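Here is the structure we will look at, set down as structure tokens.
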Amino acid sequence: MAMTEPASLPPLDELLDDAHVVALPMRVRFRGVEVRETMLLRGPAGWGEFGPFPEYGDAEAAAWLRAAVDAAWHGFPAPRRTRIPVNATVPAVPAARVPEVLGRFGTGVRAVKVKVAERGQDLSDDAARVAAVRALLPDAELRVDANGGWDVPTALAALERLGEHRLAYAEQPVPTVAGLAAVREGLADRGVPVLVAADESVRKESDPLAVARAGAADLLVVKAAPLGGVRRALDVVAQAGLPAVVSSALDSSVGIRAGLALAAALPELPYACGLGTVSLMREDVLREPLRPVDGALELREAVPDPGLLAARAVPADRRRWWLERVRRVHAGAAGAVPA
Ligand SMILES: O=C(O)CCC(=O)c1ccccc1C(=O)O
Ligand SMILES: [Mg+2]
């Protein structure tokens, strides 16, 4: 099966005809972000989100632009389900803040992802955070996300300890594909019943299928934007032949809508998805943001409110920065793909 060919991008002026750059303050700081800046584009099929983090280079951002265009110009594939179970996401906060953070996700939380291995913290901080979540939710499915912050021996020791709180899986415990394979093997040798999930090794590698080929993970975390859109992400999952968890990139509700489309179109959806992150944000672009209720999101359209787009618009210098970025990324992407 061939990977879907990326469609050519519309001309720049068409792409920017109805483009908005917004700044969305967070309620809970997440991966260093206090205010999420992102661009929303309207096309003939609806809205798309272009929100690569500011430190990302143009080559990486090109996939995000394809994803935004795919959503706004081509829409989404047919859904197989309309209710998407989601996890609560707990950033690397002190354990004492866990009740407040979990409270933002409302009642009915059945799965929680806990960030671990944060720079400047140690394993006892992680253990206290995970224990605090487990104490509040004795029956929930818990996973941790290290964002590649451990080396192999540290990951094995950490997961042996954190695994005492019953973890379903560990997301990207170490940075490399070979490291993931070693952690997976080491956990099995030690009899630690924690699965290994690949995130950065799928979305940042030039070959998103390397993980599956190496047998380096039990499951994949897939995000529509960095993989170049919903259809491309569906292809990656199909070719990998592994279970997939759909996750957000700290998107506004427009990007979350694309994640929901991906989760809705997957043949199997065995895990709750990381699409609840609007609950970590103070502001959004929808009057009724896509925040989970009773542990799930319902599939629905995400049409930004004009008043909110205006109220959250970034200052002129930031708008110029984003427009300039889109111009560069568009020029680079257009050159690389036959029309
Ligand atoms: O998966 C979730 O629960 C939330 C999304 C999330 O963790 C995330 C959001 C933005 C950038 C990276 C990541 C990540 O999974 O590492
Ligand atoms: Mg992750």
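The values are calculated or read from the model by the stated rules, or taken from the named source; none is laboratory data. As the structure is a prediction and not an experimental result, all values here were calculated from the model. Methodologically, a virtual Cβ is constructed for each residue, glycine included, from the backbone with ideal geometry; neighbour enumeration extends over all protein chains shown.
So here's what we get for this one:
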| quantity | calculated |
| --- | --- |
| Out of A170, A198, A238, sole residue that is within 19 Å of the chain's Cα centre (by Cα), closer than 20 Å to G259 by Cβ, within 16 Å of ligand 2 (Cβ to nearest atom) and aliphatic (A, V, I, L, M) | A198 |
| Yes/no for V278 being assigned to a helix (DSSP H, G or I), at pLDDT 95 or above and more than 16 Å from ligand 1 (Cβ to nearest atom) | no |
| Subset of the stretch 84-101 that is within 14 Å of ligand 1 (Cβ to nearest atom) and assigned to a loop (DSSP other than H, G, I, E, B) - its residue that is nearest to A272 (Cα to Cα) | N87 |
| Residue satisfying condition, being of a type in the set (A, V, I, L, M, F, W, C), in contact with a Pro (Cβ under 6 Å, 6 or more places away or on another chain), buried (at least 24 other Cβ atoms within 10 Å of the Cβ) and at pLDDT 95 or above, within set V86, V90 | V86 |
| Boolean, A111 is touching a Gly at 6+ places or on another chain (Cβ under 6 Å) and either at pLDDT 95 or above or among the aliphatic types (A, V, I, L, M) (or both) | no |
| Pair list, Cβ under 7 Å, 6 or more apart: the stretch 225-244 residue over 19 Å from E171 (Cβ atoms), other residue surrounded by fewer than 22 Cβ atoms within 10 Å (Cβ to Cβ) and of a type in the set (V, I, T) | R231/T4; R232/T4; D235/T4 |
| Filtered residues of the stretch 68-92 (kept if in contact with a Gly (Cβ under 7 Å, 6 or more places away or on another chain) and farther than 22 Å from P292 by Cβ) | A68, V69, D70, A72, W73, G75 |
| Per-region count, the stretch 184-241, residues among the charged types (D, E, K, R), within 13 Å of ligand 1 (Cβ to nearest atom) and touching a helix residue (DSSP H, G or I) at 6+ places or on another chain (Cβ under 9 Å) | 3 |
| Test: V254 is assigned to a loop (DSSP other than H, G, I, E, B) and of a type in the set (V, I, T) | no |
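A quick yes/no check of all residues on (1) surrounded by fewer than 14 Cβ atoms within 10 Å (Cβ to Cβ); (2) in a loop (DSSP other than H, G, I, E, B); (3) of a type in the set (S, T, N, Q):
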site	(1), (2), (3)
G259	no, no, no
L262	no, no, no
R287	yes, yes, no
G307	yes, no, no
R327	yes, no, no
